[in-house]
1. What does the accessible area per residue of segment B:1-87 come to in Å², with a 1.4 Å probe and no ligands, DNA or RNA counted?
2. When all C-alpha to C-alpha distances in segment A:61-111 are sorted into bins of 10 Å, what percent of pairs does each bin hold, rounded to whole numbers?
3. At 7 Å along the Cα-to-beta-carbon direction for both B:GLN42 and B:THR80, put a label point, then send me their distance in nm to one decimal.
4. Given Cα pairs under 8 Å that are at least 6 residues apart, what percent is the relative contact order of chain B?
5. Rounded to the nearest 20 Debye, what is the dipole magnitude of chain A about its Cα centre when Lys and Arg each give +1 and Asp and Glu each give -1 at the C-beta?
6. Do any trypsin sites (Lys or Arg not before Pro) in segment A:11-59 lie in a DSSP loop with no more than 15 other beta carbon atoms within 10 Å, and if so, which?
7. Identify the GluC sites (Glu not before Pro) of segment A:14-91 meeting these criteria: DSSP loop state and at most 14 other C-beta atoms within 10 Å of the C-beta.
8. Where does segment B:39-86 land on Rg(C-alpha)/(2.2 N^0.38 Å)?
Amino acid sequence: GDSVTQMEGPVTLSEEAFLTINCTYTATGYPSLFWYVQYPGEGLQLLLKATKADDKGSNKGFEATYRKETTSFHLEKGSVQVSDSAVYFCALSGGYNKLIFGAGTRLAVHP
Amino acid sequence: GAVVSQHPSWVICKSGTSVKIECRSLDFQATTMFWYRQFPKQSLMLMATSNEGSKATYEQGVEKDKFLINHASLTLSTLTVTSAHPEDSSFYICSAAPPGSDNEQFFGPGTRLTVL
């Protein structure tokens with residue numbers, strides 16, 4: 001069945017460092033791909049999405065490109081801030097609008 | 001953006017009792033809502049799809065008699081954990097996708113259930 005694999009955390013970075021969180025997927029068909037973020041004590045929020053191959057989603061300095069050939073949707077940010085500390089979830093849309101999530105990657109950014 | 005609320009935000013109950021959690025779409029109508037369970041430091045596991053006016057669709061391994069779902073209106077879905085036990089303690093999250101949102105789901109803030 002469909003699945004999402006993302007790199008294990010926690011990821012600890014200094015402020016202004018470059019961030020990459022890897023995400024690969026297995027799916028039949030052509031799913032939409034998403035990155036959700038969960039800040040401490042809050043619910044999940046959509047960070048960005050891409051609906052077809054080669055699409056690039058971007059928001060708040062984060063970007064991810066839908067790579068069909070490598071079945072990947074890696075999240076990147078050029079310069080992280082302390083306020084980016086959160087748990088990041090990669091997800092794909094399965095059948096019937098279901099979302100299938102990766103395990104989540106905790107990011108901690110320190111000054 | 002679309003807003004989804006949950007109530008209560010946290011609940012503590014005794015083993016053997018039942019607990020009801022509400023999920024509301026505040027500014028849109030949702031024919032479908034989703035219920036997830038999240039264990040500490042783990043991912044969200046889809047439990048069931050709640051369908052307005054019909055029976056919920058449960059994921060494999062989820063006990064439908066244990067986790068009762070009712071979607072009585074286009075803005076409200078409820079999850080009732082029946083005869084709760086300590087192993088049911090978890091974070092329960094609902095979501096809904098507004099019409100025309102291209103599969104973008106909006107999530108409620110979650111309900112933390114602790115069963116003593």
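The values are calculated or read from the model by the stated rules, or taken from the named source; none is laboratory data. All of these numbers come straight from a predicted model, not from anything done at the bench. Here the Cβ positions follow ideal geometry from the backbone for every residue, glycine too, while neighbour counts run over all protein chains shown. Each accessible area value is taken on the protein alone, full model and side chains, heavy atoms only, with ligands, DNA and RNA left out. Shrake-Rupley method; radii C 1.70, N 1.55, O 1.52, S 1.80 Å.
1. 55
2. Going out from 0 Å in 10 Å bins, segment A:61-111 shows 21, 45, 27, 7, 0 percent.
3. So the two model labels end up 2.6 nm from each other.
4. Details: 291 pairs, mean separation 42.2, N = 116.
In percent, rounded to a whole number, it is 36.
5. Numbers: 9 positive and 11 negative charges, 60 e Å.
I would put it at about 300 debye.
6. Passing both the DSSP loop test and the Cβ count: A:LYS52.
7. Values: sites: A:GLU15, A:GLU16, A:GLU42, A:GLU63, A:GLU69, A:GLU76; in loops: A:GLU15, A:GLU16, A:GLU42, A:GLU69.
Within segment A:14-91, the qualifying GluC sites (Glu not before Pro) (loop, at most 14 other Cβ atoms within 10 Å) are A:GLU15, A:GLU16, A:GLU42, A:GLU69.
8. Working: Rg = 11.8 Å, N = 48, 2.2 N^0.38 = 9.6 Å.
Output field value: 1.23.
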